[in-house]
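All remarks here apply to the structure that follows.
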Amino acid sequence: RALKQGGPGVAAAFAKIGFLMASSSRSDKALHPTNLHVNVTLFPLDTVQSRMPNPEWLEHWLDEQIRFDETWENKVVGGILRNLSNLLGQTFTNVRDLNRYRKQMLAAA
């Protein structure tokens, strides 16, 4: 519904969030919903992870307890790209395709 009402600007926003989440291999810290910053007035305490009693627990859990390694990260990235492909009516085979689409939508907005 948001895509129909908001047009290219909303599509660009969805693509940007997907790009950030799927580009985790470019940084030393994965960008998933628990550590994305969402409120400038509460920064840096505006993430789910920062509000946990022990913020390091989630990283330990992902790295050591469930072994969220490169294989699983690739599966998650693939899922993000498939879901955004379906949502946006495009085919994204890699993060570069998604970023290109995001830039096209920004130009059209």
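Looking only at region 8-35, filter to residues that are farther than 12 Å from Leu88 by Cβ and small (Gly, Ala, Ser); which one of those is modelled with the lowest pLDDT?
Checking each candidate, the answer is Ala30.
What residue, among those in region 64-104 that are of a type in the set (Ser, Thr, Tyr) and within 17 Å of Ile17 (Cα to Cα), is surrounded by the most Cβ atoms within 10 Å (Cβ to Cβ)?
Here the residue is Tyr101.
The values are calculated or read from the model by the stated rules, or taken from the named source; none is laboratory data. From a predicted model like this one, the values you see are computed outputs, not experimental measurements. Note that we place each Cβ from the backbone using ideal geometry, even for glycine, and neighbour counts take in every protein chain shown.
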